[in-house]
Structure formats: C-alpha cells, structure tokens
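Let me begin by presenting the structure, written as structure tokens, before commenting on it.
The values are calculated or read from the model by the stated rules, or taken from the named source; none is laboratory data. Quick caveat, the model's predicted, so the values are computed rather than measured. Quick reminder, even Gly has a Cβ in these numbers, built from the backbone with ideal geometry, and neighbours come from all protein chains shown. Side chains included, ligands, DNA and RNA excluded: accessible areas come from the protein's heavy atoms. Shrake-Rupley method; radii C 1.70, N 1.55, O 1.52, S 1.80 Å.
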Amino acid sequence: MLSRTFSPKRPATASLLPWSLAVSLACLTACDSAPPSEDTAEEPAPAPSVSTGPAPGDHAFTTADGNRLPYTVGGNADADVTLVFVHCWMCDRTFWDAQLPAVQGSYRTVTLDLPGHGAASAEREAWTVQAFGDDVAALVQSLDLGDVVLVGHSMGGPVSLRAASLLPGQVQGIVAVDTLHDADFKWEGEEIEGMMRAFEADFTGTCSNFVHQMFPEEGVEAIVEKVRSSGCDGSRAAVGTALMQDFANLDMPAWFQGAGVPIRAINAAAPSPTQVEGNRAYADFDAAIMEGVGHYPHMTRPDEFNPLLMEALDQILATADGA
C-alpha cells in the first residue's frame, strides 16, 4: 500500500536563471589610401549567443581538492529543469539507471560519482558528508543548468541538503529516497558504536552483512550483488568507515533548515518510520511511503517508484511556481 502525504505549504525561493553570454566585437572595415566614403558601413555584430547547458555524454569535473568526479549528462537538453542524482554511501551513478528512462523526456539529467565512489578518484584528507555537498554544489555551479532538483538516496539525502544550502534560488527542491526519515534522530548509542567497531575490524564482511539486511524483497539477488560488489571491497574501507563515523557529526535540524527548499521523500515503511510532522518543524516536508520494500526501492521496484518520483517532482515545481 502506498501512503501519499504530499501537500505544498509555501512557495520556495524564486529561481535565478544563470546566463552565459559570448560577446563579439564588430569588425572594422578595411581602408585604402583614400578617405572613407560617408556611406561606408560597418558589418553588424553577431547577436550574442546563449549557452544551452552541458553537452550530453560523459564528462569529468575536478573538485576543489583535485579529485576527478565523473558525471553523465542526459535527458532532454531543452528542459528548463535539471535533475541531479546523488547516490548513496558506497554506491555510484549507475544505481539510478532505472529512473533515467522515466524522466528523460521532461528533464535534463546529471548523474555523478562522488569522490571515493564508482569511477571517481579517492584522494582526500578527510572524508565528510559536508565535503560531498560542497562537491555537488561546485559541479552544479560549473554547469549552465538553470533550475535544479536534487534527488538523493540514503547518504545522498544529507549531501543534497548541504548542496542546496550553497545554491540558494537555483535548487528548487529535494527528492529524498529512503532517507531524511527523522531530523531529530541522533547517530549515537551502544548499537551504533558496536557497528562502527565491526566495520573497523572487518569492513568487507560487515558491509556484506549490512547490505543483505537491507533487502527484504525476494527475487532481487542480482541487485543485492551489485550493491555488495560496488561498496564492500576492502580497498574502500578507509572511505566507507570514515563516512560512517562522520554521520554522527551532522546537525540535521540545521541542515534541514539551511537547505531552504521543499523536501519530498519516497521512503520505505520499515524499519525507520518517517517522522513527517517532526520534520515539518524544520522544512517544507512531505513523504510517500512504500510498503514491503527495503533500502533501495528505486532499484528493486522501479515500476512503483518512478510514478512517485514524477509526482514528487510535480509537487516541488508547483510549489516553486507558487501554485
């Protein structure tokens, strides 16, 4: 059963459309030894051209600390709104493959690999969620995207909150995918500490068990293996463990408020209930709840998830337009 609680409450900040104009100088007419005649006219300067945004295909962006961040541009190049998809902890941009066909007719899309994930480089002194938000914001600022909606799964939720706070006016909203359940939740306690010790002692084994527990669905073994193989390799232990430790440092109420945009979540019903009313103390927040799914509903149940994604986008953009 799907429970929808979408209800726009207040307009988001008005959008600012960035422009990139190429200015050309008029060419001077060549002169001979005789004085120029009065009817000699200069050729008119070409009209300034407006950038249409990044070219479709695979590209790479260099972060402030020199990491190579690969990204792929797709979808409708003439769209007014770009969806920037932000993946989860120890995941990569291919985790959104089942969503791209559903949105490509209406939106430009950007999928990316965060540093330390996928095909990105992993040269960073300190691994933090905040730095990932800075990376996403810098990438968006480097492209001529116009209005943006961030779509973030799991860790991608707080990453999107941070990025939105750095892009006031340009980010119109955030679609949170099985994340941002409870702004008041504290990442602490004996259970959390025990899990952290397990990751430090045996990253690959603990990660593999962690992944399998997040799939209550049947018949999704290929997806489970994709998630496990993507994130549980021992070479990623330093990045994965550091990020786990950093989750305790996030001031989620402040990050919810700092984003300053509507948040529409598509969350699993269990094991973490979504505190809709509690989250509304900090942001324009609503959620659709999917029953019987695990932590990766966009991958295991795309036929049910994608219509909810489209509905969430409609709600966000209607709010931004003041509807």
**Asked** For the range 49-69, does any single residue satisfy the condition of being open to solvent by less than 40 Å² (accessible area, probe 1.4 Å), polar (S, T, N, Q) and closer than 24 Å to Ile316 by Cα?
**Response** no
**Request:** At least 3 residues that are touching a residue at least 40 places away in the same chain (Cβ under 8 Å) in each: list the helices (runs of 4 or more DSSP H) lying fully within the range 72-188 that qualify.
**Result:** 129-142, 156-166
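How many residues does the range 96-109 hold that are among the hydrophobic types (A, V, I, L, M, F, W, C) and in contact with a strand residue (DSSP E or B) (Cβ under 7 Å, 6 or more places away or on another chain)?
Of the residues in the range 96-109, 3 are among the hydrophobic types (A, V, I, L, M, F, W, C) and in contact with a strand residue (DSSP E or B) (Cβ under 7 Å, 6 or more places away or on another chain).
Within the range 82-107, which residues are open to solvent by 20 Å² or more (accessible area, probe 1.4 Å) and not small (Gly, Ala, Ser)?
Trp89, Asp92, Arg93, Thr94, Asp97, Leu100, Pro101, Gln104
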**Prompt:** Can you spot a residue in the range 223-241 that is at pLDDT 95 or above, buried (at least 17 other Cβ atoms within 10 Å of the Cβ) and on the phi > 0 side of the Ramachandran plot?
**Reply:** no
**Request:** Report, by residue number, each residue of the range 262-314 that is open to solvent by less than 40 Å² (accessible area, probe 1.4 Å) and among the polar types (S, T, N, Q).
**Result:** Asn267, Thr274, Asn279, Thr300, Asn306
**Asked** How do the pairs read when you match residues in the range 252-267 that are without any contact (Cβ under 8 Å) to a residue 40 or more places away in the chain with residues anywhere that are of a type outside the set (A, V, I, L, M, F, W, C), using Cβ under 8 Å and keeping only pairs 6 or more apart or on different chains?
**Response** Gln257/Tyr282
**Request:** Specify the residue that is surrounded by the most Cβ atoms within 10 Å (Cβ to Cβ); the eligible residues are those in the range 150-196 that are over 19 Å from Gln130 (Cα atoms) and among the small types (Gly, Ala, Ser).
**Result:** Gly169
